[in-house]
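Student: Once you've had a glance at the structure underneath, I'll fire off some questions.
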2 protein chains.
Amino acid sequence: MSQTKQGLAFTPLYRQVRDMLVQRLIDGAWTPGSMIPSEFQLAAELGVSQGTVRKALDAMTAEHLLVRRQGRGTFVALPEESRILFQFFRLIADDGTRIFPESRVMDRQLAPASADERALLGLGIDEAVWRIDRVRSLGGTPVISEQITLPAIRFEGLAAMETIPNNVYALYSEHFGITIGKATEKLKAGAADARTAARLGCTAGDPLLVIERLATALDDTPVEHRVSYCRTANFHYRLDL
Amino acid sequence: MSQTKQGLAFTPLYRQVRDMLVQRLIDGAWTPGSMIPSEFQLAAELGVSQGTVRKALDAMTAEHLLVRRQGRGTFVALPEESRILFQFFRLIADDGTRIFPESRVMDRQLAPASADERALLGLGIDEAVWRIDRVRSLGGTPVISEQITLPAIRFEGLAAMETIPNNVYALYSEHFGITIGKATEKLKAGAADARTAARLGCTAGDPLLVIERLATALDDTPVEHRVSYCRTANFHYRLDL
DNA sequence: AAGTGGTCTAGACCACTAA
DNA sequence: TAGTGGTCTAGACCACTTC
């Protein structure tokens, strides 16, 4: 647990500790929902001070990987609705209400990956993908039509599943051992095509908010590509700068 | 610099220090670009430890209020292009390039505030606002049409100004002593009206990304309301989750 | 009462910058 | 060489939760 500080590749100790602890999440040594050892235990085990462990744990808390509760302990974050709502789902009713959307799966297919999909998900030439097509409703009204693409190799049991639950990040975690760590979104305005318009109860050509998301696992490998077409008549995408 | 820790209104010491230092920015005791005292000097002056001052300064750095440079010192952040580009301007070329937009002011008016404007900017019944209408271009092509609304009382010298510079946050800071601290954005999809379409070189009815921003000063009072209509044919709004 | 995270302190040493 | 921020340590006490 020591390192010469000169040279161009200096990594602070708290960062090394953070990386080691994230590795435990990747390896599944610490599972979602479980309590991890206390700061002092980790400090003793790793041979660093408690303050250094704290700095690593604080960083992981900021990444939403851990949840700390005074008096109780530190826990591995769960992909529960409240967390998704806070971290990943930014569509909010115009009156400020936050609701978790319901989903209706329209289609699910296993197919060879297109060139675009291979590039986005880092797949080889012969790899396949799952494509999930669903409609999401907020307060009973269909608002989002979205297509999700997953690398087939990481979701091998998916064919056997009867239904796909509403919270897919909980599915990835519980059934496939994949934790989504980060995601990048690109937003554009687009026009509704006939099929999407029919789904969302609007007219073809109506403007839609188009959200393209690439989500990565804890090891920063791409896991999910998603394009969402959103009717923003009564909802908006909110962001603090 | 001490406080009983029981009771419901406990505020950590580093937070109190942070608030005191932000007050110096509000009061203008520390001006943008200037170097502030070292951690040890502040600690001695405020009667707290250097570690507590550091935690306050780190928080302010995270808020983009300060810039720290190892070996040089800690400086009050400037509303310079690079900072705006990083913190406030999220429209990026599809190839990933970040450019600072040029602006062309189409109109500037002083008028009584509408009911909506009064509500958004926290104004009284007889207050006036400035309305600035401009077109912004990226790499020579007009991409954004936006309307900015400012409380007239906070921008009294604006009538005398010949031109309005491209970087309005630098203007607010340098000419009116107002530092924008935070902003909230609401994104929707909308259709171009005839005037906006003519400005942006598209067709009326084309989908546009509509960004509504409310920016607040360091003391959390609203300062600027802005609605931007963006053509996203070759650009997108990017965000990390 | 015991164990946890949250705060605060004091001091050491390293790395970077400028004079 | 002096001064700055960046990292790391060791230890104290407080607040919250559970038993």
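The values are calculated or read from the model by the stated rules, or taken from the named source; none is laboratory data. Since the model is a prediction, treat every value here as computed from it, not as a measurement. Glycine also receives a Cβ, built like all others from the backbone with ideal geometry; neighbour counts cover every protein chain displayed. For the accessible areas, the whole protein counts, side chains as well, though only heavy atoms, and no ligand, DNA or RNA atoms are used. Shrake-Rupley method; radii C 1.70, N 1.55, O 1.52, S 1.80 Å.
Student: Which residues' amide hydrogens lie under 5 Å from the amide hydrogen of residue B:189, considering only partners 5 or more residues apart or on another chain, with H built in the peptide plane?
Tutor: Hits under the 5 Å cutoff: A:209, A:232, B:210.
Student: Relative contact order for chain B: what percent, with Cα pairs under 8 Å and sequence separation of 6 or more?
Tutor: Numbers: 388 pairs, mean separation 38.5, N = 241.
It comes to 16 percent, rounded to a whole number.
Student: By its C-alpha gyration tensor, with a ≥ b ≥ c as the square roots of the eigenvalues, how is the range B:13-76 shaped: rounded for a/c under 1.5, else prolate for a/b larger than b/c, else oblate? Working shown, then result.
Tutor: Details: a/c = 1.40, a/b = 1.17, b/c = 1.20.
Here the range B:13-76 falls in the rounded category.
Student: For residue B:90, list long-range residues whose amide hydrogen, built 1.01 Å from N in the peptide plane, is under 5 Å from its own amide hydrogen.
Tutor: none
Student: To the nearest 10 square angstrom, how much accessible area does residue A:103 have with a 1.4 angstrom probe?
Tutor: Estimated to the nearest 10 Å², residue A:103 gives 40 Å².
Student: Please calculate the 1.4 Å probe accessible area of residue A:95, with all protein chains present, and give it to the nearest 10 Å².
Tutor: 120 Å²
Student: Which residue fluctuates the most in chain B, going by a Gaussian network model with Cα springs under 10 Å, if the choices are B:163, B:196, B:61?
Tutor: Of the options given, B:163 has the highest mean-square fluctuation.
Student: Taking all protein chains in place and a 1.4 Å probe, what share, in percent, of the accessible surface of the protein assembly as shown do carbon and sulfur account for? Numbers along the way, then the final one.
Tutor: Numbers: 12430 of 23850 Å².
Looking at the protein assembly as shown in its full context, I get 52 percent from C and S.
Student: Please give the charge dipole size of the protein assembly as shown, origin at the Cα centre, charges +1 on K and R Cβ atoms and -1 on D and E Cβ atoms. Round to the nearest 20 debye. Present the calculation step by step, with values, prior to reporting the outcome.
Tutor: Details: 56 positive and 58 negative charges, 129 e Å.
Value, rounded to 20: 620 debye.
Student: Right, another one. For the pair residue A:23 and residue B:119, how long in nm is the line joining their label points, each one 7 Å along Cα→Cβ?
Tutor: 5.6 nm
Student: For residue B:46, what charge total do you get from the other residues with a beta carbon under 14 Å from its beta carbon, if Lys and Arg give +1 and Asp and Glu give -1? List each step's numbers first, then the result.
Tutor: Numbers: positive: B:15, B:18, B:24, B:54, B:55; negative: B:19, B:39, B:45.
Net of charged neighbours comes to +2.
Student: In nm, what does the list of distances from residue B:41 to its counterparts in the other copies look like, shortest first, when each label sits 7 Å along Cα to Cβ?
Tutor: 4.6
Student: Here is a further query. With the dipole of the range A:159-241 worked out from charges on the C-beta (+1 for Lys and Arg, -1 for Asp and Glu) around the Cα centre, which of A:207, A:164, A:241 lies farthest toward the positive end?
Tutor: Most positive-ward Cα: A:207.
Student: Turning to a different aspect of this structure: Which of A:89, A:176, A:40 moves the most in a Gaussian network model of chain A with Cα springs under 10 Å?
Tutor: A:40
Student: To the nearest 500 deg cm²/dmol, what mean residue ellipticity at 222 nm is calculated for the protein assembly as shown from DSSP H runs of n ≥ 4 alone, each contributing -39,500 (n - 2.57), summed and divided by the residues?
Tutor: On the way: 14 runs with 132 residues, N = 482.
That calculation yields -8000 deg cm²/dmol at 222 nm.
Student: Which percent of Cα pairs goes in each bin when the distances of the range A:81-237 are cut into 10 angstrom slices starting at zero?
Tutor: 10, 39, 37, 13, 0
Student: Name the most mobile residue of B:106, B:161, B:35, meaning the one with the largest mean-square fluctuation, in a Gaussian network model of chain B with Cα contacts below 10 Å.
Tutor: Top of the fluctuation ranking is B:161.
Student: Could you give the alpha-carbon Rg of the protein assembly as shown over 2.2 N^0.38 Å, rounded to two decimals? Display every interim value, and only then the final one.
Tutor: Values: Rg = 25.1 Å, N = 482, 2.2 N^0.38 = 23.0 Å.
Normalised Rg, Cα atoms only: 1.09.
Student: Compute, for the range A:81-237, the length of the dipole vector about the Cα centre, with Cβ point charges of +1 (Lys, Arg) and -1 (Asp, Glu) only. Units Debye, rounded to 20. Spell out each step's value before the answer.
Tutor: Working: 18 positive and 21 negative charges, 71 e Å.
Roughly 340 debye for the range A:81-237.
Student: Dipole of the range B:13-76, Cα-centred, from +1 at each Lys and Arg C-beta and -1 at each Asp and Glu C-beta, to the nearest 20 debye? Show your work: numbers first, answer last.
Tutor: Numbers: 8 positive and 6 negative charges, 40 e Å.
Magnitude of the dipole: close to 200 debye.
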